[in-house]
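Trainee: One structure is given below, represented as structure tokens, and several questions about it will come after.
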Amino acid sequence: MEHLSVLKNDVQKYLNLKGGEVVVDATLGLGGHSKDILKSIGEDGRLIAFEQDERNLEEAKKRLESYKKQIDYIYDNFRHLKSRITSRGVDAILFDLGLSSPHVDDASRGFSFSKEGPLDMRFNSQGELTAEKVINTYSEEELIKIFFEYGEEKMSRKVAREICSRRSDKKFSTTTEFADFLEAILPRKRSKRASKTHPATKIFQALRIEVNDELNALKEALEQSIEVMKVGGRVVVISYHSLEDRIVKKFFKELEKPPATKEQSIYQTFGDPIVKKLTKKPVIPTDQEIEENPRSRSAKLRAYEKLRNA
């Protein structure tokens, strides 16, 4: 099971780890970034690793077997970060928000429109909501909202209308069946670059976000990350689409210039930055990395340092 860590060297650069530090990998995946983190913090360091996908967690444990005494594994969504951390304070936090290789490569997970599988898309197999339930039971207005907001699909109304019309005769059950249906009603873009994108891409993204409540989870986790981190701590976030990146930018921009009421402005600390930006522009993969790992092409890395407690 091959998995290449995205922006591997840049992650380590901006985490700027030292021996003995406490680090949170909020998205363990198969443990690629975690392995580098563990090497940097040494035997006296501690890694707190969150993973909500049970299969990924078990695979990562095998890969990190030699470091097991240094790791606290937490089988949970990172939206519960604060309640699950009991350490003395965190020095650095990593969020790598992309899909791991097994999600895309394993057809049974239902994330890929190029391989036949069930319309699942759950990161955590214990979750109740699946893509199949969304497609076959949500109202037309609910589907429009999801496709437009989470997929930024301009033809969301047409897609929702066609889905509701078709499912009244026959429910959708597989990824390829649904992808073929979308391809038939959504024309490919005319530009050479855009034409390489499958018409189902945005709709599949929207469904995945809805099924896993990804954007709300990210907002909650970012807020908690600042609370659990020490002053001087660093947070690194890799996002893979504009919705995630927008949330990250907005959240930290408000901490760079926090608003203060008239009463608070009497005290100098109110309104002072809570974080500072370590990356003037988002760090993106080199052409060489994209060639070696095409899934990295949309990655954007942003890093921040905590200057004071709120």
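The values are calculated or read from the model by the stated rules, or taken from the named source; none is laboratory data. All values derive from a computational prediction rather than experimental measurement. Reconstructed Cβ throughout: ideal geometry from the backbone, glycine too, with neighbour counts over all protein chains shown.
Trainee: Under the condition of being outside any strand (DSSP E or B) and more than 16 Å from Lys8 (Cβ to Cβ), which residue from the stretch 288-310 is modelled with the lowest pLDDT?
Mentor: My answer is Ala310.
Trainee: Looking at the structure I just gave you, is Asp36 at pLDDT 95 or above, assigned by TED's automatic domain parsing to the domain that holds Val248 and either over 19 Å from Val237 (Cα atoms) or not in a helix (DSSP H, G or I) (or both)? Break it down stepwise before answering.
Mentor: Details: at pLDDT 95 or above: yes; assigned by TED's automatic domain parsing to the domain that holds Val248: yes; either over 19 Å from Val237 (Cα atoms) or not in a helix (DSSP H, G or I) (or both): no.
So Asp36 fails the test.
Trainee: Could you list, in sequence order, all residues of the stretch 194-248 that are among the polar types (S, T, N, Q) and without any contact (Cβ under 8 Å) to a residue 24 or more places away in the chain?
Mentor: Ser195, Thr197
Trainee: Right, another one. For the stretch 5-33, what are the residues that are over 16 Å from the mean Cα position of the chain (by Cα) and not in a helix (DSSP H, G or I)?
Mentor: Asn16, Leu17, Lys18, Gly19, Gly20, Glu21, Val22, Val23
Trainee: Could you tell me which of the residues Arg79, Arg55 is under 16 Å from Val235 (Cα atoms) and either in a helix (DSSP H, G or I) or polar (S, T, N, Q) (or both)?
Mentor: Criteria check complete, one pass: Arg79.
Trainee: Could you please find all residues in the stretch 103-148 being among the β-branched types (Val, Ile, Thr) and over 21 Å from the mean Cα position of the chain (by Cα)?
Mentor: Ile135, Thr137, Ile144
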